[in-house]
Every structure is written in structure tokens, then in C-alpha cells.
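Report on the following structure.
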Amino acid sequence: MMGKTRRAAEGQDDEASGPNGGARRRGAAIMNGAESLVRTLVAGGIELCFANPGTSEMHFVAALDRVEGMRCVLGLFEGVVTGAADGYARMAEKPAATLLHLGPGLANGLANIHNARKASTPIVNIIGDHATYHRRYDAPLTADVEGAARAFSHWVKTSPDAKSIAADGAAAIAAARTPPGQIASLILPADTAWNEGEGPAPALPVAARAKVLPQAVEAAARALKSGEPAVLLMSGEALRAKGSALAGRIAAKTGAKLLAQAFNARVERGHGCVAIDRIPYPVDPALALLAPFQHYILVGTPPPVAFFAYPDKPSLLAREGAEMHVLARPEEDALAALEALADALGARATAPALAPRIELRPATGAPNHLTLGASIAALLPENAIVADESVTIGRDFFPPTRSAAPHDWLQNMGGSIGFGLPVATGAAIACPDRKIVCLEGDGSAMYTIQALWTQAREGLDVTTVLLNNRSYAILKGELANVGAKNVGRKALDMLDLGRPDLDFVGIARSMGVPGARVETMEEFNRRFAEGVREPGPYLIEVMV
Ligand SMILES: Cc1ncc(C[n+]2csc(CCOP(=O)(O)OP(=O)(O)O)c2C)c(N)n1
């Protein structure tokens, strides 16, 4: 340190870096890196930041008050923050930002980042880190943030200094918006935030979805005209109303079956829409359903794969020798591809089969997978958004809701539970004029139950149907499916949520969300109708 102060040795002797860590220059108001970044986000169309901040993000938080146009929503656990960003972007059709606290904050949020990534949801993660010169000392919160982010992101960068952060922010937004939607993780060291920045950077252009090659359309048309059994397997944009209407025309013209993957990011459905069944989650029914098909026209999705491997069962669900024809890859323009395919088949004017508008009656008696499905179908309000983490009980909800009032159905494509409540929260912020119905397993709920607090604080219009079966029911089935032998008390205890029983009405109340427990379908119908009629968050605990 000879001849140099400690501050100079640490690279802090910059006139823009004040003793209180704030950017300043004698006589002139300047903008620090954090504010440059927030303004860049707003310029790039990001209006929402889901946050759980810490010391290293304080300059970003402070900048929020100086910048118009950025709403910031607090989540009390990072899994709520990242899941809400997923739900928001699915419905707003543009990314939100998250604000996460160093490696551990990111780690807490990664499971729902994983789910968003599998759903091709765009998110811009801003992850605070120690000041660049502080990292070498291995202070308590030091971790390999880039390493952790890389495993779950399409784009990762540590912004090296305050002069770079705005341009890096613009690059992160462009990366997130790259079709079909990506995870961009921008790491913001504390001194990058507090030193003098360059001011905001303008938004970068984003490539539109690429058009598919004519050969892809021709091959699909040939397969559909072959007379051999064919299925259009769809995901992504193809499951929105425009896509399914086109697919419906193609199916009506050619006799092809329409199917969606078992789990999908967003399906527009209900009466008046083309109804598209999903591949079942259990392997045997999936194999049985798919056994007849020789040709798969893949629209924005890979070939069908079993969720898990099981002894003596195949990983791939299509029959052996089935032919795969990629009409559109996930990042390509599936709607234009379906239009071109409809034209090639002369199907543009063929009337699709639409889910009929029929009188649906709420069920009575004991709550179970069938009665709940019937009541939800009958009582779902028009234009609702369903965030579905109903796990085993909800496996049969899809068919009866085919003729429900038109709605969007959001599912977990990443399989990491703790998804439903945060996604419902984000969707409610994206669509304040729509009712959100969250179908939630009790086991899954306990991962990110704090989302209820955010719903209460923000006054969000979410009715949660909490399916309380006091168990990880799905895993009881899986125990048998994987061939586990000599299952005893210790194993079964790992799948049981009793002792003590959870009281979800009490939990919800403690976080500002009113609720009611129901034991019969008659009570459910009354409470559900109430929940969807009244604005604001509400929870119905269904004992099943
Ligand atoms: C992050 C994560 N941890 C564990 C699991 C394994 N898992 C899958 S479903 C499940 C239980 C779900 O329980 P619940 O929501 O009550 O639905 P149920 O099975 O009772 O229908 C568990 C623990 C998982 N998928 N993701």
C-alpha cells in the first residue's frame, strides 16, 4: 500500500464515488448507474419490477422514486418474485424485471426461473452483487452469481462499471425479448449501481419470429394428405385462439387429431374456441392415446416425452417408427406456418369444430376431481385467467372446462412446484380487469404461500381454490409407478402433510386474505361464486 491510500488501492478514489456511496460531482447533478439502469428498463418497455432487495440493491431501490413509469412490487420470498414475473409476462406479453439479492437471493428464485424458462417466458433478472473491489474478500454473501445464473438463463452478464450498465440493461431486455422469450440475468455490482453512469440507453431492436421454410409446410401437408393417422402436436402461440382456430380448420379438413403437450404456458379456450386435449401425464394413458399416430406435425414443440422415466416404460411416447415433421420450431412464427399449411391444404374456409356453449351445472355432494371440475366449469367467470397447480386433483379439470366461459389456462412447464400462487399474482398485476382463479394443491402452496401477502398488499383480484388433501398425493402414485418395494411408515410419512394439519384459512387471514373452508360441493359453489363476484383476493380451502 506504499504511497497509496487504501481507498485508492481499492479503486474507490473516483470523484464520482462519494463517501456515502452515492454518485456526485461537484456542482453538477449527475445520474448514477442504478438510475441509468432503471431509466433504460422503462425506455425498453419494462414497467414492472418484482423485488426482494438487500443492501447491494439499495441504489436501485432508491432510483425507483426518481423514475416515472416503473411499478415495484415486493415479494416476501424470491420464489414469489420470479414466479410473479413469469405470470406477468405470460399475460402482459412483455417481460418484467426482478430484483434479487446476490447469489442466495437468486438461488431462492431459481426454481420459478426454471419454470419460466421452460415456458419460454421473457424475464430480465437484475441481481445485485458486492461492489467489484469487495468480492475478493469473500464476505458472507459472496458466491458465484454468474455460475448460478448461467444454469437457468439464456443470457448472463456482470456489468463491470457504471458507464456500461445502461447499455448492458438494453442488451438484457433485447435478449429477454428474443423469440420465443428468454431469461436474461444482469448482475449489478454495488459500485456499478452507485458510481456515475452514462444516463439511459435506448431500446435495442429485437428480431421478429423467423418465418418457417416452405419445405416445412410442404412436408407437413404431404403427411396430412397421406391418409395415415396424423396428429398436430402444439404448444406456445399455436394454443392461443388464432392458432387453435387455424389448427381446427386443418383438422376438420384432414381428419388429423389436435393435441397439446401435457403442460402449456397459456391456452386460450372455452366455448366458441377449438378444444384441444392434452397428452395425459401418466405414461400408460399417454401411450394409449398416441399409439395410433404415424405422423406428428410439431408446432412449436418437441416430440412428446414422458415427464419421468419408469422401469420398463419408454421415455418417448410416440409409437416406434412414427414420423416427426417440424412445422415450426418454438422460436419460429407458428401462426404464419399454420396459415401457410391451411392454404396448402385448401383448409382456410373449412369450418373448425368449436367447443359448444352448453348448460353446465355445478356439482353437488363430496368434493373430488370430478365434482370440482364440473363446478369450476359451470362457475368460471368470462375472461378468467386460471393459474393451474392443481396436481392430481386437477388432472380431470381440463375436459369439463372445455365448454366453460372463454378463459386463459396457465400451467407449469418446468415441473418445479410452488408455481401457482406467484404466477396468479403476476397475472393479476398484468390483467387488473380480469378475474384470476388459482387452482392450488396444498403441498405446492406451502413452497410460496407468501404470495398471498403480495396479493393482499396489492389488492389483486385472485380467487384461490386451495385443494387440501393433506398429502403429496401424486407421490403416493409415483411410489408404486417406479416399482419401490417394501414401503413402510417412514416412506409414507414423507408423503403425508398431516400432524399437524395445515389451516389455510388461518394462514391466508394472517396475510390479509379472507377465506373460508368448505367440505361439500354446495358450500364450494356458494363460496366460489362469492369469490369470483367480489373484487380482491379470497381463498377457499376445499377439504378433499
Ligand atoms: C421443487 C420441487 N420439489 C419437489 C417436487 C416433487 N413433487 C412433485 S408433486 C409434489 C407434491 C405436490 O403436492 P400437492 O400440491 O399437495 O398435490 P397432490 O400431489 O396432493 O395432488 C412434490 C413434492 C417438485 N416437483 N418440485
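The values are calculated or read from the model by the stated rules, or taken from the named source; none is laboratory data. Predicted model only: the values in this text are computed from it and were never measured. No Cβ is skipped: glycine too gets one built from the backbone with ideal geometry, and neighbour counts run over all protein chains shown. Surface areas here come from the heavy atoms of the whole protein model, side chains and all, with no ligands, DNA or RNA. Shrake-Rupley method; radii C 1.70, N 1.55, O 1.52, S 1.80 Å.
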Query raised in the report: Expressed as an acute angle from 0 to 90° and rounded to the nearest 10, what is the orientation of the C-alpha long axis of helix 78-92 relative to the principal long axis of the chain?
Result: 60
Query raised in the report: Taking the radius of gyration and the Kirkwood hydrodynamic radius from Cα positions alone, what is the Rg/Rh ratio for the range 75-130, to two decimal places?
Result: 0.95
Report task. Tally up the carbon and sulfur contribution to the accessible surface of the range 259-301 as a whole percent, 1.4 Å probe, everything protein left in place. Result -> 64
Report task. List the trypsin sites (Lys or Arg not before Pro) within the range 442-493 that fall in a DSSP loop (any state other than H, G, I, E or B) and whose Cβ has at most 12 other Cβ atoms within 10 Å. Result -> LYS485
Query - Listed residue (VAL42, LEU475, GLY498) projecting farthest to the positive dipole end of the chain, Cβ model - result: LEU475
Query raised in the report: Can you give the charge dipole size of the chain about its Cα centre, rounded to the nearest 20 debye, using +1 on the beta carbon of Lys and Arg and -1 on the beta carbon of Asp and Glu?
Result: 640
**Report entry** For the chain, calculated [θ]222 nm from helices alone, where every DSSP H run of n ≥ 4 adds -39500 (n - 2.57)
**Finding:** -10000 deg cm²/dmol
Report task. Mind giving me the nanometre distance, one decimal, between the label points for GLU530 and ASP343, set 7 Å out from Cα along Cα→Cβ? Result -> 5.6
Query raised in the report: How far is helix 334-344 tilted, in degrees, relative to the longest principal axis of the Cα atoms in the chain, given as a value from 0 to 90 rounded to the nearest 10?
Result: 40
Query raised in the report: Which whole-Hz ³J(HN,Hα) couplings does the range 273-289 yield from phi under the Karplus relation 6.51 cos²θ - 1.76 cosθ + 1.60, θ = phi - 60°, glycine and proline marked x?
Result: 9, 6, 7, 10, 6, 9, 5, x, 5, x, 5, 4, x, 5, 4, 5, 5
Query raised in the report: Applying the Karplus parametrisation 6.51 cos²θ - 1.76 cosθ + 1.60 with θ = phi - 60° to the phi angles of the range 502-513, what ³J(HN,Hα) value in whole Hz is obtained for each residue in order, glycine and proline being reported as x?
Result: 7, 10, 6, 5, x, 4, 4, 4, 5, 9, x, 10
**Report entry** Accessible area (Å², per residue) of the chain, counting only protein heavy atoms and a probe of 1.4 Å
**Finding:** 41
Report task. Please list the equivalent ellipsoid semi-axes of the range 93-158, computed as the square roots of five times the alpha-carbon gyration tensor eigenvalues, in descending order and whole angstrom. Result -> 23, 11, 10
Query raised in the report: Equivalent-ellipsoid semi-axes (√(5λ), Cα gyration tensor) for the range 259-417, whole Å, largest first?
Result: 27, 23, 14
Query raised in the report: Looking at the chain, what % of its DSSP beta bridges pair antiparallel, to the nearest 5?
Result: 10
Report task. Using R₀ = 41 Å, calculate the FRET efficiency as 1/(1 + (r/R₀)^6) where r is the Cβ-Cβ separation of GLU68 and HIS369; round to 0.05. Result -> 0.30
**Report entry** Kirkwood hydrodynamic radius of the range 24-156, from inverse mean 1/r over distinct Cα pairs, in Å
**Finding:** 15.2
Query - Histogram of C-alpha separations across the chain, 10 Å bin width, % - result: 4, 17, 25, 24, 18, 8, 3, 1, 0
Report task. Can you find, among ALA351, LEU379, PHE419, the residue farthest towards the positive end of the dipole of the range 310-444? Put +1 on the C-beta of Lys and Arg, -1 on that of Asp and Glu. Result -> LEU379
Query raised in the report: Residue farthest toward the positive end of the dipole of the chain, with Cβ of Lys/Arg at +1 and Asp/Glu at -1: which of ILE165, GLN294, MET521?
Result: GLN294
Query raised in the report: MET446 to ASP503: extension gain in nm, 0.36 nm per residue of separation minus the Cα-Cα distance?
Result: 19.4 nm
Query raised in the report: At what distance in nm do the modelled label points of ALA484 and ALA241 sit from each other, each positioned 7 Å from its Cα along Cα→Cβ?
Result: 4.5
Query raised in the report: Where nothing but the Cβ of Lys and Arg (+1) and of Asp and Glu (-1) is charged, how large is the charge dipole of the range 60-139 around its Cα centre, in debye to the nearest 20?
Result: 160
Query - Along principal axes, Cα extents of the range 471-544, largest first, whole Å - result: 50, 24, 18
Query raised in the report: Say each of ALA139 and GLU93 gets a label point 7 Å from the Cα, pointing the same way as Cα to Cβ; how far apart are those two points in nm?
Result: 4.4
Query raised in the report: Given a Förster radius of 45 Å and the C-beta distance between ASN383 and ARG470 as r, what FRET efficiency does 1/(1 + (r/R0)^6) yield to the nearest 0.05?
Result: 0.85
Query raised in the report: Of all the accessible heavy-atom surface of the range 385-456, with the other protein chains kept in place and a 1.4 Å probe, what percent is carbon and sulfur?
Result: 53
Requested in this report: Name all residues of the range 398-413 having a backbone nitrogen under 15 Å from the label point set 7 Å from the Cα of ALA353 along its Cα→Cβ direction, giving them as ranges.
Outcome: 399, 402-403
Query raised in the report: What longest range of the chain stays clear of loop-exposed GluC sites (Glu not before Pro) (DSSP non-H/G/I/E/B, at most 13 other C-beta within 10 angstrom)?
Result: 94-319
